[in-house]
Amino acid sequence: MMSRFAAVVATLFLCVSFPGADADAFLKHGGENGLVSLAVRSEELQAAMGAVMGCTAGGASDAGEARRTEVVRQQLLPVWRTLPKMPQDESRVEWRFVRYTAHRHFMHRFGIMVRGLEPQIQVNSSNAGEADVLSREAPALAKQLSGSSKHGFSLQDAAVMIAALEQLLFDSDSVVLEKAYRKKGLATTDLQSRQDLQKMMVDYMVYWMLGDDTEGAELLLGNRKLLDEHIPHWQAISAMVEGTVRALEFSRQRSPRPGAAHTTFQQRYSFEDALEVAGSIGRSFAFFWESQCQDIKTSLLALDNTGSGRVRLPDFYGANKDGEWRFGESEEYLRELGALDETSSWRGKQVIVSNYMQAVSNCIVTRPHYLVCCINECEEMMGYIEEAIGAPVGLVEDVMSIAETLTNGDDQRAKLDESLRSQLYKIAAAHGGQVPLHGRLFAQWLHYAFPSECPFPHLTGTAAARTPLQFGESFSVSEEAVAKHVAEEAISKDLKQASNVSTEQWQMSQWSEEEELLGDYSTQLRRPWYKRASLLVGGGSLVALLALLQTSTSGHQSAKKPSACDKPMVHFV
């Protein structure tokens with residue numbers, strides 16, 4: 001039998017094969033009494049997905065799912081307006097931009113990094129960079145993404161895809177909840193009291209947070225005294241879970257779910273209620289955890305005496321003392337994460353605070369298909385710029401005037417000194433007089449304007465997003481390595497006394513002139529930029545891409561706009 005994930009995704013390609021399906025609601029849980037069943041029939045899921053895509057008799061008639069997709073659409077709209085559209089259809093974008101939009105949506109809305117959509121992954125003809133949930137659960141469909149759609153993607157396409165992916169990701173956690181039920185000797189048809197449900201959900205949290213490390217979760221639950229030692233702020237997490245269950249109880253009393261009034265008044269809770277609690281936790285946990293992320297950031301910035309958003313490596317390791325559970329990544333691991341700046345001979349090796357905050361080593365939850373991470377504070381600033389410009393490119397004067405009004409979380413304005421103003425003009429000069437908003441050079445400029453909030457953009461493929469478990473035992477710094485850094489620090493102090501390096505030189509020592517654009521900007525950027533063959537577009541040469549686009553345009557000018565139900569449909573987030 002086809003897996004639950006594969007069945008849903010397959011509907012994107014096969015929905016026209018089920019013209020008579022009666023779809024109740026997209027991804028509603030099948031089975032007796034509305035309970036989740038991992039053995040739910042694939043045709044039911046295909047029909048449900050077909051309803052959302054408007055391919056079945058039910059159409060997108062389910063009001064709840066239609067509203068959810070529309071909410072996603074409205075959330076994507078400000079970014080969508082600033083994406084370069086395809087030359088043959090100015091309402092559509094290429095796959096790389098859909099992928100970029102999806103990554104930003106999940107980071108901004110839920111603080112989660114979807115595996116497979118990480119910006120560090122190089123997208124090319126052999127790797128489409130699709131969501132890992134597809135690679136694992138529907139490899140045949142994922143393979144089809146290696147060549148993105150010739151017709152591109154509309155805003156509605158992207159909204160439906162992202163809404164579907166959102167549901168897929170959080171529905172995957174039902175497997176963890178079923179495991180917690182089995183460990184308690186319960187069936188998913190059993191009802192529980194509020195107190196029992198709270199205990200169940202606390203156990204669920206251990207499995208959920210540890211992800212693939214089932215053995216570790218079993219060990220912690222077997223000796224609960226270890227929970228406080230091995231899961232940071234466990235008591236606060238446990239209290240949050242219990243509070244979420246109480247919030248469900250209050251909600252049920254005010255507005256009982258249809259057909260469940262008797263269990264509501266008896267204060268008994270079903271597996272479906274537990275699923276609702278799990279979904280609420282999954283969608284909001286990053287915001288609960290953000291206070292801890294800010295504690296990490298505050299601790300690091302206290303060691304930054306230059307305002308460059310960087311902490312010297314010896315100082316970084318010096319903060320790891322008295323049992324502190326943070327700041328213990330090895331130099332090799334920091335380098336792979338893209339959190340290490342090694343370009344300043346005067347300052348030595350430095351940890352980039354904004355990159356460290358976004359590093360997967362700070363993601364508190366590791367699920368098979370996503371990670372719960374610290375909120376990207378640069379998202380809000382980038383969002384303001386996108387909304388104000390409303391186009392893929394902007395004039396230097398416009399970008400500068402907007403940036404001058406921006407402030408970070410501490411109400412501090414951008415560090416727009418003369419060198420940064422000059423750099424913005426250089427970026428525009430390299431692109432025929434305008435600044436592409438979604439290029440590496442502008443992201444680099446934003447980093448230096450807000451060094452503590454906006455990560456430094458490394459060249460694609462030079463950093464990775466492996467978790468400590470994936471990296472291996474060497475993810476943690478050894479005592480010998482710390483001692484070596486301390487010794488090198490003593491030598492470095494002697495050299496600095498004789499140094500005469502200007503502040504400006506070392507504060508922007510990492511600046512690089514290498515550009516990378518997410519996709520084709522040929523419509524927005526004119527001839528002078530075309531000739532710069534050294535600029536990269538999505539990992540391929542500009543000349544090759546323009547030739548490909550010219551061939552594609554001439555071959556499809558008369559083609560009709562594709563329907564979401566046309567076969568084969570080969571694009572999915």
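Which residue pairs have Cβ atoms under 6 Å apart, sit 6 or more places apart or on different chains, and have a first residue in segment 164-188 that is over 14 Å from Met201 (Cα atoms) and β-branched (Val, Ile, Thr) and a second that is at pLDDT 90 or above and not in a helix (DSSP H, G or I)?
Partner pairs satisfying both residue conditions: none exist.
State which residue is farthest from Thr214 (Cα to Cα) when the search covers only segment 365-379 and only residues that are at pLDDT below 90 and part of a loop (DSSP other than H, G, I, E, B).
The qualifying residue farthest from Thr214 (Cα to Cα) is His369.
Do we have Tyr356 as at pLDDT 95 or above and under 19 Å from Ile296 (Cα atoms) here?
yes
Examine segment 253-265 for a residue that is modelled with pLDDT of 75 or more and either in contact with a Ser or Thr (Cβ under 8 Å, 6 or more places away or on another chain) or not assigned by TED's automatic domain parsing to the domain that holds Tyr207 (or both), and state whether such a residue exists.
First, pick out the residues of segment 253-265 that are modelled with pLDDT of 75 or more: none.
Within segment 253-265, none of the residues are modelled with pLDDT of 75 or more and either in contact with a Ser or Thr (Cβ under 8 Å, 6 or more places away or on another chain) or not assigned by TED's automatic domain parsing to the domain that holds Tyr207 (or both).
Go through segment 420-448 and report how many residues are crowded, with 21+ Cβ neighbours inside 10 Å, of a type in the set (S, T, N, Q) and over 25 Å from the mean Cα position of the chain (by Cα).
Matching residues across segment 420-448 total 1.
Do any helices (runs of 4 or more DSSP H) entirely within segment 35-134 hold 1 or more residues that are at pLDDT 70 or above and not assigned by TED's automatic domain parsing to the domain that holds Tyr370, and if so, which?
It comes to 63-81, 95-110.
So, in segment 466-489, of the ones that are of a type in the set (A, V, I, L, M) and surrounded by 13 or more Cβ atoms within 10 Å (Cβ to Cβ), which residue ends up nearest to Asn362 (Cα to Cα)?
Out of the qualifying residues, it is Leu469.
Can you tell me which of Ala391, Ala414 is under 27 Å from the mean Cα position of the chain (by Cα), of a type outside the set (Asp, Glu) and within 30 Å of Thr298 (Cβ to Cβ)?
Being under 27 Å from the mean Cα position of the chain (by Cα), of a type outside the set (Asp, Glu) and within 30 Å of Thr298 (Cβ to Cβ) holds for just one of Ala391, Ala414, which is Ala414.
Exactly one condition in (1) among the hydroxyl-bearing types (Ser, Thr, Tyr); (2) in contact with a helix residue (DSSP H, G or I) (Cβ under 6 Å, 6 or more places away or on another chain); (3) assigned to a helix (DSSP H, G or I) is not met by Ser308; state its number.
(3)
Out of all the residues in segment 392-404, is one or more buried (at least 18 other Cβ atoms within 10 Å of the Cβ), within 18 Å of Arg104 (Cα to Cα) and either in contact (Cβ under 8 Å) with a residue 24 or more places away in the chain or of a type in the set (D, E, K, R) (or both)?
Yes: one or more hits.
If you scan segment 189-218, which residues turn out to be of a type in the set (Phe, Trp, Tyr), within 22 Å of Gln470 (Cβ to Cβ) and either in contact (Cβ under 8 Å) with a residue 60 or more places away in the chain or surrounded by fewer than 14 Cβ atoms within 10 Å (Cβ to Cβ) (or both)?
Trp208
Taking segment 337-376 as the region of interest, how many residues are more than 24 Å from Tyr204 (Cβ to Cβ), surrounded by 22 or more Cβ atoms within 10 Å (Cβ to Cβ) and not hydroxyl-bearing (Ser, Thr, Tyr)?
Of the residues in that region, 13 qualify.
Among the residues in segment 328-339, are any modelled with pLDDT under 90 and either assigned by TED's automatic domain parsing to the domain that holds Pro468 or farther than 20 Å from Tyr100 by Cβ (or both)? Steps first, answer last, please.
Taking segment 328-339 as the starting set, the residues that turn out to be modelled with pLDDT under 90 are 328.
Those still in the list that are either assigned by TED's automatic domain parsing to the domain that holds Pro468 or farther than 20 Å from Tyr100 by Cβ (or both) too: 328.
So far as segment 328-339 goes, yes, one or more of its residues are modelled with pLDDT under 90 and either assigned by TED's automatic domain parsing to the domain that holds Pro468 or farther than 20 Å from Tyr100 by Cβ (or both).
Kindly evaluate Phe456 against the criterion of being modelled with pLDDT of 95 or more and not in a helix (DSSP H, G or I).
yes
Give segment 162-201 a look and list any residue that's within 33 Å of the chain's Cα centre (by Cα) and of a type in the set (Val, Ile, Thr), or say none.
Once the filter is applied, which keeps residues that are within 33 Å of the chain's Cα centre (by Cα) and of a type in the set (Val, Ile, Thr), segment 162-201 yields Ile162, Val175, Val176, Thr188.
With respect to Leu221, is the statement that it is within 29 Å of Arg268 (Cα to Cα) and in contact (Cβ under 8 Å) with a residue 24 or more places away in the chain true?
Yes.
Please enumerate the residues belonging to segment 332-344 that are touching a residue at least 40 places away in the same chain (Cβ under 8 Å) and outside any strand (DSSP E or B).
Going residue by residue through segment 332-344, those that are touching a residue at least 40 places away in the same chain (Cβ under 8 Å) are 332-333, 336-338, 341, 343-344.
Residues satisfying the conditions are Glu332, Tyr333, Glu336, Leu337, Gly338, Thr343, Ser344.
Out of curiosity, is Leu197 out of contact with any strand residue (DSSP E or B) (no Cβ under 8 Å at 6 or more places or on another chain), part of a helix (DSSP H, G or I) and modelled with pLDDT of 85 or more?
no
Condition test on Ala428, is it over 20 Å from Arg310 (Cβ atoms) and assigned to a loop (DSSP other than H, G, I, E, B)?
Details: over 20 Å from Arg310 (Cβ atoms): yes; assigned to a loop (DSSP other than H, G, I, E, B): no.
No, not satisfied.
The values are calculated or read from the model by the stated rules, or taken from the named source; none is laboratory data. Note that the coordinates shown come from a computational prediction; the quantities given were computed from them, not determined experimentally. Virtual Cβ from ideal backbone geometry, glycine too; neighbours counted across all protein chains shown.
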